[in-house]
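Structure, as structure tokens:
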């Protein structure tokens with residue numbers, strides 16, 4: 001069910017222009033190139049440095065940053081955050097400036113089966 005149907009079910013009548021605007025916005029959202037920022041295991045930097053960088057760059061709290069850093073350390077990589085290309089590319093630059101290895105993966109390429 002799309003937003004137009006939800007509005008109609010709620011008894012809200014929308015004009016054709018309003019419906020066209022909603023459809024256009026939905027298409028833009030679906031067409032956005034959503035990507036995932038992945039933190040890679042890092043043997044060069046200290047765990048404390050990685051945790052602090054996650055807090056500074058991605059605004060994670062201490063516990064979140066510790067979990068992400070440990071997952072990357074023990075599993076080799078972990079997802080940090082997701083968003084559109086522009087948002088994630090800004091974060092990638094900040095991590096690279098900090099000397100921390102990250103990668104970007106298209107969200108549609110993430111294995112949904114957990115395997």
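The values are calculated or read from the model by the stated rules, or taken from the named source; none is laboratory data. Since the structure is predicted, the reported quantities are computational estimates derived from the model, not experimental observations. Neighbour counts are summed over all protein chains in view; Cβ atoms, including those assigned to glycine, are modelled from backbone coordinates with ideal geometry.
Pairs linking a residue in region 85-99 that is farther than 16 Å from residue 35 by Cα to a residue that is assigned to a helix (DSSP H, G or I), with Cβ atoms under 6 Å and 6 or more positions apart or on different chains, are 94/57; 98/53. How many residues does region 40-56 contain that are surrounded by fewer than 13 Cβ atoms within 10 Å (Cβ to Cβ) and touching a helix residue (DSSP H, G or I) at 6+ places or on another chain (Cβ under 6 Å)? Number of matching residues: 0. Restricting attention to region 74-110, and to residues there that are in contact with a helix residue (DSSP H, G or I) (Cβ under 7 Å, 6 or more places away or on another chain) and in a strand (DSSP E or B), which single residue is modelled with the lowest pLDDT? Checking each candidate, the answer is 82.
Just one of the listed residues (19, 30) is at pLDDT below 75 and surrounded by 15 or more Cβ atoms within 10 Å (Cβ to Cβ), namely 19.
Can you find, within region 57-73, the residue that is surrounded by the fewest Cβ atoms within 10 Å (Cβ to Cβ) among those that are out of contact with any helix residue (DSSP H, G or I) (no Cβ under 9 Å at 6 or more places or on another chain) and part of a helix (DSSP H, G or I)? By that ranking, first place goes to 63.
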